[in-house]
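> Let me begin by handing over the structure; questions about it come next.
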There are 4 protein chains.
Amino acid sequence: MTELGKIVVEERPDPDPGPLEAVVRTEAVGVCGSDTAYYKVGRIGDYVVDGPIILGHEVAGEVVKVGSDVTDVRVGDRVAIEPGTPCRNCRECMAGRYHLCPDLVFLATPPYDGALIQQMTIDARNLYPIPDSMTYEEGALLEPLSVGIWGCQRAGLEGGDDVLVTGAGPVGLLAAASARALGAGSVTVTDVSDFRLDLAKQMGFDAEHGDAPGDGDFDVLLECSGAPGVLAQGMRRLRPAGRAAMIGMSKEEAIGLPLSQLNVNELTLSLVNRYNHTWPLAIELVASGRVDVAPLVTHHFSLAESADALTLASRVPDSVKAVIHPQLS
Amino acid sequence: MTELGKIVVEERPDPDPGPLEAVVRTEAVGVCGSDTAYYKVGRIGDYVVDGPIILGHEVAGEVVKVGSDVTDVRVGDRVAIEPGTPCRNCRECMAGRYHLCPDLVFLATPPYDGALIQQMTIDARNLYPIPDSMTYEEGALLEPLSVGIWGCQRAGLEGGDDVLVTGAGPVGLLAAASARALGAGSVTVTDVSDFRLDLAKQMGFDAEHGDAPGDGDFDVLLECSGAPGVLAQGMRRLRPAGRAAMIGMSKEEAIGLPLSQLNVNELTLSLVNRYNHTWPLAIELVASGRVDVAPLVTHHFSLAESADALTLASRVPDSVKAVIHPQLS
Amino acid sequence: MTELGKIVVEERPDPDPGPLEAVVRTEAVGVCGSDTAYYKVGRIGDYVVDGPIILGHEVAGEVVKVGSDVTDVRVGDRVAIEPGTPCRNCRECMAGRYHLCPDLVFLATPPYDGALIQQMTIDARNLYPIPDSMTYEEGALLEPLSVGIWGCQRAGLEGGDDVLVTGAGPVGLLAAASARALGAGSVTVTDVSDFRLDLAKQMGFDAEHGDAPGDGDFDVLLECSGAPGVLAQGMRRLRPAGRAAMIGMSKEEAIGLPLSQLNVNELTLSLVNRYNHTWPLAIELVASGRVDVAPLVTHHFSLAESADALTLASRVPDSVKAVIHPQLS
Amino acid sequence: MTELGKIVVEERPDPDPGPLEAVVRTEAVGVCGSDTAYYKVGRIGDYVVDGPIILGHEVAGEVVKVGSDVTDVRVGDRVAIEPGTPCRNCRECMAGRYHLCPDLVFLATPPYDGALIQQMTIDARNLYPIPDSMTYEEGALLEPLSVGIWGCQRAGLEGGDDVLVTGAGPVGLLAAASARALGAGSVTVTDVSDFRLDLAKQMGFDAEHGDAPGDGDFDVLLECSGAPGVLAQGMRRLRPAGRAAMIGMSKEEAIGLPLSQLNVNELTLSLVNRYNHTWPLAIELVASGRVDVAPLVTHHFSLAESADALTLASRVPDSVKAVIHPQLS
């Protein structure tokens, strides 16, 4: 991406890894709403694109080179990639919260480049080998699945909880799948798109139109829509001691919550920033069949078609997730 | 209180306790902002006064009669009173959250009468004997201290946390005292009243004027002011993984929070509804000197002067807590 | 059971429920190791059989009468039964730990009768309606499944944990199934019986002979064998910060643990006493197919054949769980 | 220490710090039971002294040199020293459990040298500035205080818990002080030494002779004696849902616990390995007067008298803690 709304395919020299790095031939890159936001408006909150940037951070591929000190992965390994590289030294890193590291280097988050390149270099400790039975596409989708898993963990999901997921986009559906895999009693998904609600039903969740009057009772809310008013509405449907996690990114500067009413039920609201150490579990859940990410992928693109992939959501209402295959000509 | 803004002193027949009840001769009753709100505007949220009501729920006294099945307290015991009586049967009670019981009977919360009466009847299981070294005044203040303790527990306060308390009213100061007694690293209190900030300093806390530009870093926020904008402002001063508890009751219908910014730090916001099983700890903290509640009591009243007590806060800026002594003539 | 090793079938008058009770026509009763222990040796720890007792506490059936104040279940409901009835008043009950209530009335635990009777009376709040798709046999096995679920919860099982289950009896296999349903990364089961290890494999777990030299690494140990030395051996296989739950009942008076070695890894050992509020989750896990309890039931008996059912384990090595069908003639 | 039971004072060249290191002029070094064990028997568990070693790991002093990349401390700073340096890269370090890092470099733990040297070099990130109001002696005792704090945290100490501390040595007394500072309801200390029990009383704790028949009820046990049978005996005195932490190092190969009895109360036993991130809290507790470590120091020594210091406990029954002052001539 050289400027707002403009993607250019360029030749770059083959990269060489540093001692602790590896080079990965990218095979599948999922398109995320944040990629689309950078492409269309050039910013997300305080992150502003102010120069050319390579987008893409949901990625899997094959290791083609490793640095001299790399021991955990080898050339030829099929790997999924955790996109954030922490400093390993600060207060947050030492407290086990490396994802909140103020110096986190994150793929496709300005000023750092991302994964829409045929060979990318990254700290080898971010690579997780995936079994042969797992496709690269599935490997790329471990990233949004990680968002769902971590959202459940931030919400303090416990076995048996009745869970309400607001928003049936990729993150909402994967949060729902995570909740079920972590022992939720029931999982209900809401959206305003019938196409997406059908997909939710097909994936085994209870589905409910977002405008339906709420009368259910839930223990946990996973807000994945980012739409105005949905967080407050969802929190009203929680039982006493209910827990909400705000996973979806809202565009609103301030979100209004009727806290004086909600405090009767002594709710807890957990904000969420990506994920922490979720790849091993994500791999297990997909490898064992407990989570099926495949139904989410509705459209495929080559690297040259990246612009189409980035605008899919607004062009094709009945779409969920676009995957770009960088080695596809 | 027979109507809005009108307190009448009446003779009532001596009460007889049910089998599990006790009658307590009240010796000290603290005045809470909720008493004042019922007196002045007749409602707090969904709780509406629609008939005569006896106010007062911060209370200590001496047991004068016990029901036939009461075993844990005896006539002559000096006791503090937990004002809420749960059903002991519902989902919340059985989950250890009796304070969220939908059928909770709570002193001076419509339609239930409170403690501004010389002899009051209550479930004997709500009575906690206090040592002879503790005054009845201190016994009455175990109730707002309980609010502070539970606020700390809801916030997940851990030893070493740097704590910001916004609002230096009775609840704020007792929340600050609770935080210190539970192992807070540092405790900073903010307010707009110099009188209250001086009291905070005198009690050993760092004090800061509420309009001061925030530049500190905190792990925990205990919002006790109920004032507009303070929750959002306080949350901005939290470190990554910071935790906020909203203890103060706000009059605003919806509170605006910049969640899209705050989620970078992955904060947690816990709403708070009174307290759960805090009297034993409150008694220990006061009895052992780890918390000193005495400095809070700035004014004293007889039962006949209740109206003055209920309006103290608005009449006398340099006041903190009014205590009514029902046996005082 | 009238005396040690002697079961007699008697006629009893039809029971009438108290106001909060219900009468259930029992349809399936699982045999537990504790039933067998009472039958053979007349005691488990401090619980001693000193008169005739009706055994059986894993039970499902149909409601045939309800007391005057019962509102949550109706005649005709198919129900699973939680066998413990707490006092709802003590410190433990009010803290949400009703299963540790010192006055707990538990089916088939001396001096209380159990479920091996065609019509049994119990507090209606212990009944959980089960869906039509669930068999009574499955309904009865929700009790040992509850043991497994609670064991996982006591161990602090988190999504992604690698779990070692020692002992592939009914409780071990259901603990393994619970662990997987609650998000375990991997689940490995050990036993000395090849028959049971085959069953473990068939249920989808990794299986390992109990004498195999340990070289794996686990986050969680669920000890379900009760065999000497197994707890210590299993704890040695845990990673740093590993957590063990002792679910199996041991006959040893004192269990030796090499704590001075184990403390390097800062392990946690949680003892387990039955379960707390697990039926709703157990029903969901079985109803949704996430846990399949059916493969455990290897043998069936009528009420008249109870003695055979109680001695199955020692008579038939290749057995797992016996179910008695009280209505079977 | 050049060989078992032999301490030699040698001249060493002035050290130069690496880029991230600092050199500290040691001012106070506490003697720990582990120092004495290495001195007398040359090993603790798997740690074996097989060459000359400098003992001492409870230490405070003044920074005299800093490496080129050190930013957080400066020459002249008075500092306490956390003795363990983690790798910051492994699974444990990244999970926030750096104290379980398998490559932890720990002062005076073979093969690493310790603090009984006038100038010692260490990673500057292990240094914590202490206020002028704190003595170096107090600074050195932050290490055993850290053991007490972490023991409380491992036990899941909650405000209001009644705490039993078995063993009134330095660690036991500081665990008791930690428990009180973290909000314990009551704190009872047991020992067999009247001298130490008197000290416990003087520090404000309930004291009880170790042979007294137990009839109290406790929520938390902090085992700090390491003596045979004490852990089991203490666990028997816990209430339902009680929690025990084993802080004391036992010499027994296997510790016998009556788990089949203890599981009725569903206890939890947490093993303890030193501490994690406790210095900031330890400094606050001592600086604010909430913990007073001074009464523990009963004897003082120069570097030349180290051998006397190391044998103090066995030579002088009425002793608690020896402090060596390396700059003392």
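Taken together, the values in this text are just the output of simple stated rules run on the coordinates, not laboratory data. Keep in mind it's a predicted model, so treat the numbers as computed, not measured. Glycine also receives a Cβ, built like all others from the backbone with ideal geometry; neighbour counts cover every protein chain displayed.
> Can you tell me the length gained on complete extension of the stretch C:CYS87 to C:SER68, counting 0.36 nm per residue apart and subtracting the Cα distance?
Details: separation 19, 0.36 × 19 = 6.84 nm, distance 2.00 nm.
Stretched fully, the C:CYS87-C:SER68 segment lengthens by 4.8 nm.
> Now for a different question. Can you put C:VAL192, C:VAL264, A:VAL29 in order, fewest other beta carbons within 10 Å first? Walk me through the numbers on the way to the answer.
On the way: C:VAL192 13, C:VAL264 16, A:VAL29 35.
Ranking C:VAL192, C:VAL264, A:VAL29 by Cβ neighbours within 10 Å, fewest first, gives C:VAL192, C:VAL264, A:VAL29.
> Shortest first and in nm with one decimal, please list how far the C:GLY45 label point sits from its counterparts in the other copies (point 7 Å along Cα→Cβ).
Distances between equivalent label points, in nm: 2.9, 4.1, 4.9.
> Over 24 Å between Cα atoms, which of D:LYS40/D:LYS201; A:LYS201/C:LYS321; D:LYS40/D:LYS321; D:LYS40/D:LYS251; B:LYS40/B:LYS201 qualify? Walk me through the numbers before you get to the answer.
Details: D:LYS40/D:LYS201 32 Å; A:LYS201/C:LYS321 36 Å; D:LYS40/D:LYS321 17 Å; D:LYS40/D:LYS251 14 Å; B:LYS40/B:LYS201 32 Å.
The answer is D:LYS40/D:LYS201; A:LYS201/C:LYS321; B:LYS40/B:LYS201.
> What shape does chain B take by its C-alpha gyration tensor, where a ≥ b ≥ c are the square roots of the eigenvalues and a/c under 1.5 counts as rounded, a/b above b/c as prolate, and the rest as oblate?
Working: a/c = 1.68, a/b = 1.56, b/c = 1.08.
The shape class here is prolate.
> Counting Lys and Arg as +1 and Asp and Glu as -1, each charge on the Cβ, what is the dipole of segment C:1-113 about the Cα centre in debye, to the nearest 20?
Numbers: 11 positive and 19 negative charges, 56 e Å.
With only Lys, Arg, Asp and Glu charged at Cβ, the dipole is about 260 debye.
> Sticking with this one: For a quick check: sort A:ASP46, D:ASP132 by the number of other beta carbons within 10 angstrom, fewest at the front. It would help to have the intermediate numbers written out before the result.
Details: A:ASP46 9, D:ASP132 6.
Sorted ascending by nearby Cβ count, the order is D:ASP132, A:ASP46.
> Let me ask something else about it. Scan around D:ASP191 for amide H atoms under 5 Å from its own, H built in the peptide plane at 1.01 Å from N, and keep only partners 5 or more places away or cross-chain.
For D:ASP191, whose amide H was placed from the backbone, the distant partners under 5 Å are D:GLY167, D:GLU208, D:GLY210.
> Could you tell me which of C:THR278, C:SER178, C:ALA245 has its Cα farthest along the dipole of chain C towards the positive end, charges placed at Cβ (Lys, Arg +1; Asp, Glu -1), taken about the Cα centre?
Projecting each Cα onto the dipole axis, the largest value belongs to C:ALA245.
> State the antiparallel share, in %, of DSSP beta bridges confined to chain C, rounding to the nearest 5.
Numbers: 26 of 53 bridges.
For chain C, the DSSP antiparallel bridge percentage is about 50.
> To the nearest 20 debye, what charge dipole does segment A:33-177 have about its Cα centre, counting +1 at the Cβ of each Lys and Arg and -1 at the Cβ of each Asp and Glu?
On the way: 10 positive and 20 negative charges, 62 e Å.
Magnitude of the dipole: close to 300 debye.
> Can you list residues whose amide H is under 5 Å from A:GLY256's amide H, if they're 5+ apart or on another chain and H is modeled 1.01 Å from N?
Here B:LEU257 satisfy the definition.
> Suppose R0 equals 35 Å. What FRET efficiency, 1/(1 + (r/R0)^6) with r the Cβ-Cβ distance, do B:ALA304 and B:ASP46 give to the nearest 0.05? Write out the running numbers ahead of the final one.
Working: r = 32 Å, r/R0 = 0.91.
That pair, B:ALA304 with B:ASP46, gives E of 0.65.
> Could you check the simple spin-label distance between D:GLU253 and A:ALA287, using points 7 Å along Cα→Cβ, in nm with one decimal?
Between D:GLU253 and A:ALA287, the label points sit 3.8 nm apart.
> Find how many whole Å separate the alpha carbon centroid of segment A:21-38 from the alpha carbon centroid of segment A:172-249.
That distance is 27 Å.
> How much of the DSSP beta bridge set in segment D:1-97 is antiparallel, as a percent to the nearest 5? Mind showing how you got there, number by number?
Values: 14 of 14 bridges.
DSSP beta bridges in segment D:1-97 are roughly 100 percent antiparallel.
> What percent antiparallel are the DSSP beta bridges of the protein assembly as shown, to the nearest 5?
Working: 116 of 224 bridges.
Close to 50 percent.
> Further question on the same structure: Find, among the residues of chain A, the one whose Cβ sits nearest the axis of the rotation taking A to D; state the distance in whole Å.
Per the Cβ-to-axis criterion, the result reads A:GLY96, 1.
> Rounded if a/c is under 1.5, else prolate if a/b is larger than b/c, else oblate: which is segment D:146-256, with a ≥ b ≥ c the root eigenvalues of its Cα gyration tensor? Before the final figure, lay out each step's value.
Details: a/c = 1.25, a/b = 1.07, b/c = 1.17.
Because its axes are fairly even, with a/c under 1.5, segment D:146-256 counts as rounded.
> Another question about this same structure. Note down the magnitude of the dipole of segment C:119-194 about its Cα centre, charges +1 on Lys and Arg C-beta and -1 on Asp and Glu C-beta and zero elsewhere, to the nearest 20 debye.
Details: 3 positive and 10 negative charges, 42 e Å.
The calculation lands at about 200 debye.
> Here is a follow-up. Round to the nearest 10 and give me the degree value, 0 to 90, for the angle of helix B:142-154's Cα axis relative to the longest principal axis of chain B.
40
> May I pose another question? Please find, in a Gaussian network model of chain A (springs between Cα atoms separated by less than 10 Å), the residue of A:GLU27, A:GLU58, A:GLU11 whose mean-square fluctuation is greatest.
Per the Cα network of chain A with a 10 Å cutoff, A:GLU11 tops the list.
> Quick check: from the Cα gyration tensor, does the protein assembly as shown come out rounded (a/c under 1.5), prolate or oblate?
It is rounded, given that a/c, with a ≥ b ≥ c, falls under 1.5.
> Here's a follow-up. Lys and Arg at +1, Asp and Glu at -1: add these up for the other residues within a Cβ distance under 13 Å of B:GLU143 and post the number.
Values: positive: B:ARG274, B:LYS321; negative: B:ASP35, B:GLU58, B:GLU82, B:GLU137, B:GLU138.
Combined, the nearby Lys, Arg, Asp and Glu give -3.
> Taking amide H atoms as placed 1.01 Å from N in the peptide plane, list the residues 5 or more away in sequence, or in a different chain, whose amide H sits under 5 Å from that of B:SER186.
Residues meeting the amide H criterion: B:ASP162, B:VAL163.
> Could you tell me how many degrees, from 0 to 90 and to the nearest 10, lie between the Cα long axis of helix A:170-181 and the main elongation axis, the longest principal axis, of the Cα atoms of chain A?
Approximately 70 degrees, to the nearest 10.
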